[in-house]
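What follows is a set of notes on a single structure, which appears directly below.
We did not get these values from a lab; they are worked out from the coordinates using the rules stated. Just so you know, these numbers come straight off a predicted model, no measurement behind them. Cβ: placed from backbone, ideal geometry, glycine included. Neighbour counts: every protein chain shown.
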Amino acid sequence: MAAAVGASGLPGCGYLPRAATVPMPTIRFDSPCASRARALLVVLPGRGMTMREMNAEGFVAAVHAAGLAVDVLLVDAHVGYY
């Protein structure tokens with residue numbers, strides 16, 4: 001049993017995160033309501049999710065569809081930063 005769990009990568013050292021880079025990669029989407037909005041919505045990814053996946057899943061589109069006057073910043077804050 002212990003060998004199966006160890007081989008699965010579930011133990012703490014079994015998962016090797018991506019390297020953290022400085023500065024952290026980001027993608028900014030300006031509000032369609034204003035040239036530069038006064039508010040910035042920073043969207044953090046779920047575990048194992050990338051910025052491009054967040055965009056593809058419609059996070060930015062949902063904010064824009066709601067008519068919110070906010071700029072959106074997707075960040076690549078993966079587990080390597082924590």
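May I ask you to order 18-29, 60-71 by the average number of other C-beta atoms within 10 Å around their residues, highest value first? Kindly include the intermediate steps, with their values, before the conclusion.
Working: 18-29: 11.1, 60-71: 14.1.
Peptide ranking by packing, descending: 60-71, 18-29.
Taking amide H as placed 1.01 Å from N in the peptide plane, the amide H of residue 37 sits under 5 Å from that of 31, 71, each at least 5 places away or on another chain.
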